[in-house]
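Worksheet for the structure shown next.
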Amino acid sequence: MHGYMLKLGNPFLTQWQRRYFYLFPNRVEWRGEGESRQNLLTMEQIVTVEETQVKDKKCILLRIKGGKQFVLQCESDPEFVQWKKELTEAFTEAQKLLRRAPKVIGKGRSGGVVELSSKPPLTHRNSNGL
């Protein structure tokens, strides 16, 4: 799913910024007009997907690990219903997969350096195979 939504932005969270969002099964990406860099939020980072209200407008609240949050506003009610439904379903499916995944996956990322083998490194070979 993809389309425009408004994201509550700037340092004081007071200004709505129009961004183009892409929803994938494992992440949400967005880009502003004229921006070359893509912003990314993985489903692993999201804690909850909730409905909230900001100044009489229905909004989608994404609570993120670490206490951060994203507030998204759609341009129409049908878009809001569809985005909320799709985000909730993607989040729920991702959580099911993460619960079933082996716990080893998470340890490799947080541990820093991962030792793959206790064998000594291969020696350098020159171009004739020696």
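Taking the Cα centre of region 1-50 as the origin, how large is its charge dipole in debye, to the nearest 20, when only Lys and Arg (+1) and Asp and Glu (-1) carry charge on their Cβ atoms? Kindly include the intermediate steps, with their values, before the conclusion.
Working: 6 positive and 5 negative charges, 27 e Å.
Dipole magnitude for region 1-50 comes out near 120 debye.
Short version: ³J(HN,Hα) in whole Hz for each residue of region 79-88, in order, from phi by Karplus 6.51 cos²θ - 1.76 cosθ + 1.60 (θ = phi - 60°), x for Gly and Pro, what are they?
5, 4, 4, 5, 4, 4, 4, 5, 5, 5
Given H placed on each backbone N at 1.01 Å, which residues far from residue 16 in sequence or on other chains put an amide H within less than 5 Å of it?
Correct list: 9.
For region 1-64, which trypsin sites (Lys or Arg not before Pro) pass both filters: DSSP loop (anything but H, G, I, E, B) and at most 13 other C-beta atoms within 10 Å?
Values: sites: 7, 18, 19, 27, 31, 37, 55, 57, 58, 63; in loops: 37, 55.
For trypsin sites (Lys or Arg not before Pro) across region 1-64 that sit outside H, G, I, E and B with at most 13 neighbouring Cβ atoms in 10 Å, the list reads 37, 55.
Excluding ligands and nucleic acids, what accessible area in Å² is computed for residue 41 using a 1.4 Å probe, to the nearest 10?
Surface open to solvent at residue 41 totals about 10 Å².
The values are calculated or read from the model by the stated rules, or taken from the named source; none is laboratory data. What you see is a predicted model, and the numbers here were worked out from it, not measured in a lab. Heads up, the Cβs are rebuilt from the backbone with ideal geometry, glycines too, and the neighbour counts pull from every protein chain shown. We work out accessible area using only protein heavy atoms, side chains counted, and drop any ligands, DNA or RNA first. Shrake-Rupley method; radii C 1.70, N 1.55, O 1.52, S 1.80 Å.
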